Amino acid sequence: MIEIVTEVDLFHPPARIWRALTERALLAKWFADSAPGSDRWILATAALPGYDGDTEVETVELRAPDRLVVRCREAGRATRLACDLTPTAHGTRLSVREVLEEGDWDADARAEQHEQAVTGRLPAILDWLAFQNVDLRRAEGGLTAELPVVRLLGDDQRRPGRRRVLLVAGAVTLIAAAAGATVWATAGEPPAPAAPAPTTSLVMPSSAAPSARPTTARPTPSASRRSASPSPTPSPTPSRTPSPTPSTVVVAPLSATYETVTDRVFGYRGEVVLRNPGPAPRPTWTVTVTLHDGATVGSVSGAEATQDGPVVTFTGSALPGGESATIRFDVRDPDPSHNAPTACTTENTPCTPA
């Protein structure tokens, strides 16, 4: 049997650490995302070092805010993981102990995963939670300090000289999100000039009365000379130049999808794919994304962006019929539980999930 033990001293109360261990949104920020459940849930650990797939977790013991024990099954192996929180004079000592019950594993890679999660990413989340409720009485020391000890113990390694001990010491610096909005000038394409209205050409008849042209009859020898009555010249028929028949262009509404492609501790990267399903090109277009309060947009590709409070407006050049445009943007958000905007629309039509 092999067990991995990690101990860390934190300048945080047990209740705050308990939240980071058990609340799904916080757990996803420093360890792995999870599918909700009651006594069983799934941790998305397939991409983490030391893991070969996602982990099915079953709660064995839950005693807030002191002890959490779960049984984990992943890629043909079963482990038992226990988290114990003990109050200290300056905060809490967190002890994480994982024991292999079935199968086999790469113990070194697993120990490295424990160290990165418990002594690196977890303290960053705890520091952020501490800023939400500042304790002015705690004036000494930093927010986070730890002395982690990671041990690998085997059945045949408990004899003197054979026990393997890995000591890891360090300090985690405070992660702070820099606030500030980057504003880009909107540079959309000017609208195409309107086509001139068609001109109708008319040929109007003359307003003067037509003049009579006299016709002289040739007298016969037996007839007396007489004058014939004048014959009027017929009026010209007015002609009308036909007006051009206007052509009809079908402009289909644009559609858009949104997806969070990267989730970080204090922010995320979003992607909007804009589509023009109609045959006619769209000379300009606009996509509007609404962020949470305090969030700011960073680097943007595929569009120009301007931010007014929480509202970010993306604009771009012509989008041909049947084509699509992709917008990617980074968001800095001081709340680690946020991983997507509150709204996304194009031409007042909501974006759909990708």
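The values are calculated or read from the model by the stated rules, or taken from the named source; none is laboratory data. Here the structure is a predicted model, which is why all the values come from computation and not from measurement. No Cβ is skipped: glycine too gets one built from the backbone with ideal geometry, and neighbour counts run over all protein chains shown. Accessible surface is based on the protein model in full, side chains and every heavy atom, while ligands, DNA and RNA are left aside. Shrake-Rupley method; radii C 1.70, N 1.55, O 1.52, S 1.80 Å.
A few notes on this one:
- Residue that is most open to solvent (accessible area, probe 1.4 Å) [pool: residues in the stretch 254-278 that are over 18 Å from residue 301 (Cα atoms), modelled with pLDDT under 90 and not aromatic (Phe, Trp, Tyr)]: 264
- Candidates 27, 10 - the one that is touching a helix residue (DSSP H, G or I) at 6+ places or on another chain (Cβ under 8 Å), touching a residue at least 24 places away in the same chain (Cβ under 8 Å) and within 30 Å of residue 90 (Cβ to Cβ): 10
- Residue 322 closer than 13 Å to residue 255 by Cβ, not hydrophobic (A, V, I, L, M, F, W, C) and not in a strand (DSSP E or B): yes
- Restricting attention to the stretch 338-354, the residues that are open to solvent by 50 Å² or more (accessible area, probe 1.4 Å) and either assigned to a strand (DSSP E or B) or not β-branched (Val, Ile, Thr) (or both) total 8.
- In the set (1) over 28 Å from residue 339 (Cα atoms); (2) surrounded by fewer than 14 Cβ atoms within 10 Å (Cβ to Cβ), the condition left unmet by residue 85 is number (2).
- Extreme residue, farthest from residue 110 (Cα to Cα), among residues of the stretch 40-74 that are at pLDDT below 90 and surrounded by fewer than 14 Cβ atoms within 10 Å (Cβ to Cβ): 40
- Consider the stretch 325-337 and keep the residues that are assigned to a loop (DSSP other than H, G, I, E, B) and crowded, with 16+ Cβ neighbours inside 10 Å. The one that is nearest to the chain's Cα centre (by Cα) is 333.
- Tally of residues being within 14 Å of residue 261 (Cβ to Cβ) and of a type outside the set (D, E, K, R) across the stretch 322-343: 7
- Filter result (of a type in the set (A, V, I, L, M, F, W, C) and touching a residue at least 40 places away in the same chain (Cβ under 8 Å)) within the stretch 70-107: 83, 85, 94, 96, 99, 100, 105, 107
- Strands (runs of 3 or more DSSP E) (entirely within the stretch 260-310) containing at least 1 residues that are of a type in the set (D, E, K, R): 267-275, 304-308
- Residues located in the stretch 298-313, provided they are out of contact with any Gly (no Cβ under 8 Å at 6 or more places or on another chain), under 21 Å from residue 254 (Cβ atoms) and either open to solvent by less than 50 Å² (accessible area, probe 1.4 Å) or hydrophobic (A, V, I, L, M, F, W, C) (or both): 300, 305, 306, 311, 312, 313
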